[in-house]
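Here's the structure, in structure tokens; my notes come after.
Nothing in this text is a laboratory measurement; each read-out follows from the coordinates by a stated rule. Fair warning: this is a prediction, and the values are worked out from it, not measured in the lab. Using ideal geometry, Cβ is built from the backbone for each residue, glycine included, and neighbour counts are taken over all protein chains shown.
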Amino acid sequence: MVRLITHNLLACHVKGCTSNNFPLQLQNVQIELREADFNPDFLKTFLPKLEWKALVDSAKELGDTSLPLEQPEMLDDEFLKNLHHVLLEIHIEEGNMICPNCKHSYPISNGIPNMLLAEHEIG
Amino acid sequence: MAPSVISTIISDNALKYEDTHVHSIYEQIAPHFSSTRYKACSQLTHCQPWPVIAAFLSNLPSGWVGLDSGTGNGKYLPLPYENPSRVWTIGLDRSSNLLKIARNAGGVYREVIRADVLDHPWRKGSFDYAISIATIHHLATYERRKQAVQRLLQAVSPSHGRILIYVWAIEQDELSKREIPTAYTSIDEEEQPGRDVFVPWVLSSNSRTEAQIFNRYYHMFAKGELTQLVSMAAKEMGLHVGEKTENAGSRRGIEIRMDGWERSNYYVELRCWTS
């Protein structure tokens, strides 16, 4: 499966593509919503490691606008529940992830992103 | 009689060699491979993995995110059993058929991606921990095994990242039925004390078909070879190998916390540090 928790860590790795290679843009996606166990402690620790703007923008590409543009200082329950939903409950089943720099397209099929490159593209 | 382990010599193109003798085999044996792994589990109350791996994953701070490089059927993704939502492990493998099993490992949706262990499709240093269990021994040259270690070092945080690596040992325990050929097959014995071998996987037959034998490639590690490999990989990246030093100037390093042998495997656990 690929959810935004994983997408927020992925970057393009085509040979020579080392800047502006994140976040991968989501295109032609099909999503499924599935409930996941809510763990506020996990979210609080993980939060500082997120690239926040990338998360907010990618959530928008998936039609979710529940997250604020800036990370709030007070982590109330409503915010954590929204964050939980965006990170862990939206499953991207099909679609493409496009590098903003080199435009390489990584396909997602049956919930599994294929990050393999052709031999000449490997850095 | 069970087919035995035999020596092999790596062809010039290591990538093609791995394609033939590792990747395509796992694609074909994936469901059978996975069922034997889970069968072993069902005899215990919980699927108890090896103690060192279980302890490593149980002792991670809450909220950490990690990479399982070469996740196979994803059997380590559900850990730690006693508190599975404390940490989040993302699986990476080259075999799409194994990933189809891994994405539901333990009956829960898992995060998995398809890539080579020598790829680096991540923001640098974005993981808190990484594990590589029974994977690096499938890479066919010293350079590629070293590169695989370097990918793990790049994937985790330079200041607090933790890494655990397991590979097959030449020294097998008495429970193992395998006999390892004694002749060294490496061209350069001094640099590569391990042995390059084929280990047969028998896909059992039914009434109409004959049993199929797949010879998977392994580099079986000699004593001390894994720790040496990790040290070389780190030094090449400019990392200090040893305990954290508070000398003037900022440094990056790795500390080898543990290394040893457990049930036919060598393992090494390391932690990254910055000063």
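Here are some notes:
- Count of lysine pairs in segment A:4-113 with Cα separation under 23 Å (8 or more residues apart, or interchain): 10
- Order by protection proxy (mean Cβ within 10 Å, highest first), peptides B:84-93, B:223-232: B:84-93, B:223-232
- Compactness of the protein assembly as shown as Cα Rg over 2.2 N^0.38 Å, two decimals: 1.00
- Alpha-carbon gyration tensor eigenvalues x 5, square-rooted, for chain B, Å: 30, 24, 17
- More than 18 Å apart - percent of Cα-Cα pairs taken over segment A:4-113: 50 percent
- Ranking of B:TYR81, A:TYR106 by count of other Cβ atoms within 10 Å, fewest first: B:TYR81, A:TYR106
- Inter-part distance where segment B:234-262 and segment B:56-125 are each reduced to a Cα centre, Å: 25 Å
- Folded to 0 to 90 degrees: helix B:225-236 orientation relative to chain B principal axis, Cα: 40 degrees
- Between 0 and 90°, nearest 10: helix B:24-42 axis offset from chain B longest Cα axis: 80 degrees
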